[in-house]
Structure formats: structure tokens, C-alpha cells
Amino acid sequence: GTPGIQNSVFDNTPDLEGPLLLSAVSLSTDSLKVTFDERLDTTNFATAIFTFDPVVGIETIYLEADLKTAIVVFSELLQTSLNYTVSVTALSDCSGNDIGNDQLTTFLLTSTAISNDIVINEIMADPTPVVGLPEGEYVEIYNRSDKYIDVINYTIDGETITDENKIMAPNEYFILCNNGDEVLFDVTAEVIGIASWNSLTNTGESISLVNADSSVIDQVNYKSTWHNSIDKSDGGWSLELIDSENFCGEESNWSASIDDSGGTPGKINSINGNKPDLIGPILLSAIAITEDSLVLKFNERLDASTFPATSYTFEPNLAVDHVVLGNDFREVFIVFSSPIEASLEHVVIVDLLKDCNGNLIGDNNSKIFVLSEAAEQGDLLVNELLYNPITSGGDFVEIYNYSEKYINLKGWMIANGNEDLPENFKVITQDNLLIAPREYLVFSQDPLAVAADYPRGIVESLVAVSSLPSFPNDEQGVVILSPSSKVVDFFNYNDKMQHALLDSDKGVSLERISFGSQTSDLNNWHSAAKSEGFATPGYVNSQSRQISTNNSDNIFISPQVFLPNQSGQDDFTTINYSFDDPGFVGTVSIVDMSGRIVSKITQNELLALEGFFQWDGTMDNGRKARSGGYIVLFEVFDLSGNQIKYKKRVVIAPEL
């Protein structure tokens, strides 16, 4: 310390002010917490006078250990919807200062929220680019009940909203945001900054509102696709709840704000309306996740109270050991007493099940399921790739199940790089997702953009993924990996694989020609046809062909007449070969009727036993060959000096 000067940790200023009554908050229907700003004198606390208006009988009053908090226990119950006033007199602080005669405050009977008393009403997960609101994330909650609710120690997304008493009145909004962002919101509603704010994921996540007793009050598993607008899902627009009374509607009950500012924090939603749920739950899928268990997925949350009464029938019969409702209330897990027979189709029929609005399940209550099997290399194939999309975020990778297996894609990954050293692993889904034999699935970060750009695409085959690895426009590898990181298929593309006569490859996918030929064979890929809008997401490729080597000739052309106009009908020809012995080296040329080589397809290439090349009607100078007849000159030789020349005729049809 400093000689002759009182140390700074001491304060000799005398306390001449009496205690202040800060707040009164009901703890239950028969108890009240009264808080003061300083410690009270315990010697005269027993003679303090607590007066209530309206009058409430008092059983006892005691002072808690902090000496600042008094607990009042009533001999009768507080009444809901009444405003009470408490005044305190004849009370001193620990310095002997009297409280005075004007210390009073009001309070209400508060309640603990139960399920759906408070709902998550608006979500701003991606405030950039700014439309009109502050550049800050927020979640708005709304008290749809007639209760006064103290949200002390409630949590949102696992983080405490407040450790102070904050009363939420009926029909009141609270805005929850990152600590420090409170000043951004110029609203009359209560704005609460959360110190450990969990940044919201732009593409979607699950948010839970939990009361102080750890009971879930509301839960929303939002997705960016709920905006129902490609432009608005890119940022700056909030998601708004349409009907706060339909708290089970989920995606059907949410959409992007239509307010000019991009959202309505602290006030009635711009899309507020009456959208009751009158339809029972729909069984979306049934997937056997192990040899003795099945998961059923429904389109909406189920009623947990009636869940035990649900009945499940199986054809052929399966004995049920036990049934569990999933944490998201949309999945049901069924465990059987004995294993499911592999490769045998079963049917599950669900009865008596209700959604959380009480609607009984209707006719959409049955699904076929088959025990899934592990995939081997060649079972799942890269079938189509869009790397230069029309709309930002509209890249897609399509795979095809070339096997007779049902394969569960949970935990599968897409990466880029090369086959030996893949990079940037992105998980397709952590949910159960079954791909059936001969089925197509299309993975994109923005299925809405894909559906809008290619309206012929099969919407049911579009799967939203949180992210895809980067697929630049010039060159990159596409790697499909199993959950154990085993490479199942690999495609190394480059922009030179696109048709030479295209003005631009923007919005043009590369399509696989044949499932029976190697993914790595550059001849097995071609630009999608103009007639199909330059892509075929979710259905058979416009350039798909059955390449057959069941031909008596070693070399055959299919088709012999073609028209390279991107019509989707014989846009190119395939030069097919098949040999009995390995080891041939081949040179393939296109020769016009004057004997001039117009296109060198390949030169001195070591050939497989069978395969094909393609000619798209372009010449080596990059121009389109004229219509008319040409000769395919196919020259082969082996290391023993044997040499054979094949000549086959091909025709480019004239434009009509």
C-alpha cells in the first residue's frame, strides 16, 4: 500500500442509503422470491412487514443465505392473470439503514413452459448479403400460450438464454442473438444476447428450446430449402413460421419472409396465416439398418402419448421384440426377435399412429423394405456430373446403382482429387438413405436450383447435401467412397471432354454412355443433349447406350448413320472392337472419300480385349465435318508383327 493513504481495496464512505426492492418473481402458485440490492439486517427481518394487493395470506417468510433474497410462502394459491403488488416496510440493511415507506413492485404468477407453449417463430441463419435487417443471426421465440413464463435458465441450441428473471408475457416475442449484437436491433421487443451463441448453419440444423427442467419446449430441424426460393436461400432472408398453432407442420409450415427488410424480428410474421394440419402422418421410408432392426421415417412429428398403441404388421411375418420412438419424433426403430432374411422383400403396415396434432395415419401407411447389403467396387457408378452450373451452388453428382443390391448410403462420401489420394471428403448423409437396384440419385447443395434449371429432372431423386467438394471448370477428379473410405468409383473429368461444337459448357453436364464400360474411359463420356436441356438429373442419360460386343465382326460401328447436332438422337457414333487375344495396339482414324484423314481418334493405344471409341463428327481442326460418307480406318498390330487393317463405313446425315 501507500504510506499514509488508505488502501484502495477499502472504502471508508459510510452507507447511508436503505435497501432497494429490486424485483418480485413467483416461484410457484404459492411462493414468491423477493430480491433486494444489498444484504439485510437479520436481527429485524422477522418484524419486516410484507403487504400484498390483492391480499394474499402469508404462511412464512425466510431470508436466504445471500441475505439479499427473501422467500415468501403463501397459505393460499396465487391467481393467474392477476397483477399483484408487494410493498415492504420495517426492514433494514446490515448497516441499519431503514428501507423507507415507498418500496413496492408488481409481480404475476409465472408458469413453467410445457411443450409448444413457446415456439421458435423465426430464424435468421444467413444474414449475408444484407437485404434490410442488421447483419446478425437471430432466433425469435413467441409465447403462444396464456401464461406468464420466466425463461431464466432456459436454453436455445444448448446455450443458456439468461440467468436472470425475464418474464415473457402471452403473445410476446423475444429475440435471441449473439452477445453484443443486441444494439443492432431497433425493436420494442426484448432482445437477449447469448454469451456462448452457437452460430447457425446456413444450410440447416436442429434447434431446440429447452426449459429449466430440461424438457424440450419446441424443436425445429430447419433447412435452407424451406425458403422455397432459390434467391432467398442465398442469404439475407429469414425463415418465418406461418401458423404458430400448427406446431407440427415443420417444412410445410415455414417459408421465407416476404417483408421488404428480409424478416420481422420482434413483430408478427409477414407470412402469418391459418395453415392447420388436417392430414395424418405419411410413412416415407422403411430401411433395414441391421439384420434384426428396421427404421421407419415419417414426414412429420408423431404423437408420443399415443405411440405405444401403434400396431405394426409385416408380410411375411416378423416377430417384434421392442419399438422405440426416435428423438426427433419422426423416426420409429423396430427391433425383431430374429434376423430378417436377406434379399427377400418385406412389407410393413402401420396402423393407429397419430401425428403430434392428433391426426390418424391414413392410406400412406405401408412400405416395402429389403435388408441392405454392402457395396463392392462397380456396384455404384458415377453416372453424370455438372461442374459448371447455370445457377451458383447448382453443381451435382449423380450416381447409379448398377447392382441388384439395396445399398444404404449412410456415411458414404464424395471427395475430389485422385483415386489414390482423395481430398476434401464430404459426407453425403448421416441419415439412412437407401438406393435401390437400377436407381439414380443426384447429390447437390441446392436441389431447388437443379430442379429449376432442369425441369425434366426427377425431383424425388434429388438429395440435398450440406456441401460438395470443389469441382472446378477445367479438370478434377470425382471420388465415391464407402463409410470405410474404400474407393468404389472414380471419374477424372476435364473440359475437353465436352462436345467441341458447343458454344459454352456452362450448364452442360457430362453423361456416362455405358454402364458396362469403365468410368475411367474418356470415350465413355459425352455432353448431355440439347434436347434434354443439357442435363438429365435423376433419369436415364440422353447419351446412354447399350454397347454390345456380341457381334461376329472384330470391328463394328453403331450407329452407322448419325447427326452431331446435340438432339439426343444419335449425336455421335461408337467404334466398337472385340478381340480373342490380348496385346493388340490400335490406331483409329476417320478418312473422307478422298482418302484424307480428317480426325485421328487414337494412335498406338494398347487395347483391351473389348471396348469402344467415339466420334462426335468433329475434325482435328475443330470444325464440324460435312455431311456424307466417311471411312473408319482401324489398324491393329501385336508384338509378333501381326498387322490387320479394318475399314468400316460411317455416314454423317444431312441437316433437315
Nearest-0.05 FRET efficiency for GLU135 and SER199, computed from C-beta distance (R0 22 Å): 0.95
Kirkwood hydrodynamic radius of region 487-548, Cα pairs, Å: 12.2 Å
Difference of contour (0.36 nm per residue) and Cα-Cα distance, SER28 to THR85: 18.9 nm
Area of HIS346 that stays accessible when all protein chains are in place (1.4 Å probe, Å², to 10): 10 Å²
Per-residue ³J(HN,Hα) for region 197-210, Karplus 6.51 cos²θ - 1.76 cosθ + 1.60, θ = phi - 60°, Hz, x for Gly and Pro: 4, 8, 4, 7, 6, 4, 7, x, 6, 9, 10, 10, 9, 10
Globularity ratio of region 194-247, using Cα Rg and 2.2 N^0.38 Å: 1.32
Calculated Rg and Dmax of the Cα atoms in Å (choose from [x] 28.2, 83; [y] 35.5, 121; [z] 37.8, 144), label: [y]
Spacing of the two label points (7 Å from each Cα toward its C-beta) at THR112 and ASN418, in nm: 6.2 nm
Cβ charges +1 (Lys, Arg) and -1 (Asp, Glu), total dipole of the chain, debye: 2980 debye
Rg [Å, one decimal], Dmax [Å, integer] - region 175-331, C-alpha atoms: 19.2, 63
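If ILE287, ILE597 are ordered by their accessible area, calculated over protein heavy atoms with a 1.4 Å probe, which sequence runs from highest to lowest?
ILE597, ILE287
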Partner lysines for LYS648 [C-alpha distance under 21 Å; skip if fewer than 8 residues away on the same chain]: LYS600, LYS624
Residue-by-residue Karplus 3J(HN,Hα) for region 467-479, coefficients 6.51, -1.76, 1.60, Hz, glycine and proline x: 6, 10, x, 5, 10, x, 6, 8, 6, 5, x, 10, 10
Using alpha carbons only: equivalent-ellipsoid semi-axes of region 292-333, gyration tensor based, whole Å: 19, 11, 10
Dipole of region 153-235 [Lys/Arg +1, Asp/Glu -1 at C-beta], most positive-end residue of ILE192, ILE230, GLN219: ILE230
Where MET168, MET619 fall by accessible area, highest first, once all protein chains stay in place (1.4 Å): MET619, MET168
Lone cysteines, the chain (no partner Cβ under 4.7 Å): CYS94, CYS177
Calculated on alpha-carbon atoms, Rg and Dmax of region 352-467 in Å: 16.7, 54
In Hz, Karplus ³J(HN,Hα) per residue of region 398-415 (6.51, -1.76, 1.60; θ = phi - 60°; x = Gly, Pro): 10, 10, 10, 8, 8, 9, 9, 9, 8, 10, 8, 8, 4, x, 5, 9, 10, 10
Label-to-label distance, nm, for residues given as ALA46 and GLN546 (7 Å Cα→Cβ offset): 10.1 nm
Label-point gap, in nm, between PHE637 and ALA500 - each point 7 angstrom along Cα→Cβ: 2.6 nm
Where region 499-656 is the region considered: accessible area per residue in Å², 1.4 Å probe: 49 Å²
Estimated translational D of region 353-410 in µm²/s (Stokes, Kirkwood radius over Cα pairs; 4 °C; 1.567 mPa s): 84 µm²/s
Region 196-241 versus region 12-48: alpha-carbon centroid distance in Å: 41 Å
Extended-chain gain in nm, criterion 0.36 nm per residue less alpha-carbon gap, THR306 and ALA452: 48.5 nm
Amide H contacts under 5 Å for TYR387, placed H, 5+ residues apart: LEU510
Residues whose placed amide H lies under 5 Å from that of TRP525, excluding near-sequence neighbours: ILE513
Percentage relative contact order, region 251-344, counting C-alpha pairs under 8 Å, at least six apart: 23 percent
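If contacts are Cα pairs under 8 angstrom and at least 6 residues apart, what is the relative contact order of the chain in percent? Spell out each step's value before the answer.
Numbers: 1601 pairs, mean separation 41.6, N = 656.
Value for the chain: 6 percent.
Over the chain, what percent of the accessible surface lies on carbon and sulfur atoms, probe 1.4 Å?
Taking all protein chains in place, the chain shows 47 percent carbon and sulfur surface.
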Mean-position separation - Cα centroids, region 604-634 and region 244-306, in angstrom: 55 Å
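Note the full-extension length gain between ASN101 and LEU656 as 0.36 nm times their separation in residues minus their Cα-Cα distance, in nm to one decimal.
Computed gain between ASN101 and LEU656 is 189.6 nm.
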Solvent exposure of region 115-200 as accessible area per residue, Å², 1.4 Å probe: 41 Å²
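Treat region 105-226 as a sphere of radius equal to its Kirkwood radius over Cα pairs and apply Stokes-Einstein at 10 °C in a medium of 1.306 mPa s; give the translational diffusion coefficient in µm²/s, rounded to a whole number. Numbers along the way, then the final one.
Values: Rh = 14.8 Å.
Result for D is 108 µm²/s.
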Amide N of region 210-254 lying under 16 Å from the label point, which is placed 7 angstrom from the Cα of LYS166 along Cα→Cβ: 210-212
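Note the per residue figure in Å³ for the convex hull of the C-alpha positions in region 306-369.
93 Å³
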Intensity falloff of region 79-137 expressed as log10 I(q)/I(0), Debye formula with alpha-carbon point scatterers, at q = 0.29 Å⁻¹: -1.12
Cross-link pairs beyond the 26 Å C-alpha cut-off, checked among LYS405/LYS530; LYS33/LYS147; LYS223/LYS297; LYS223/LYS426; LYS297/LYS410: LYS405/LYS530
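The values are calculated or read from the model by the stated rules, or taken from the named source; none is laboratory data. Only a predicted model underlies this, so the values are computations on that prediction, with no experimental measurement involved. Reconstructed Cβ throughout: ideal geometry from the backbone, glycine too, with neighbour counts over all protein chains shown. We work out accessible area using only protein heavy atoms, side chains counted, and drop any ligands, DNA or RNA first. Shrake-Rupley method; radii C 1.70, N 1.55, O 1.52, S 1.80 Å.
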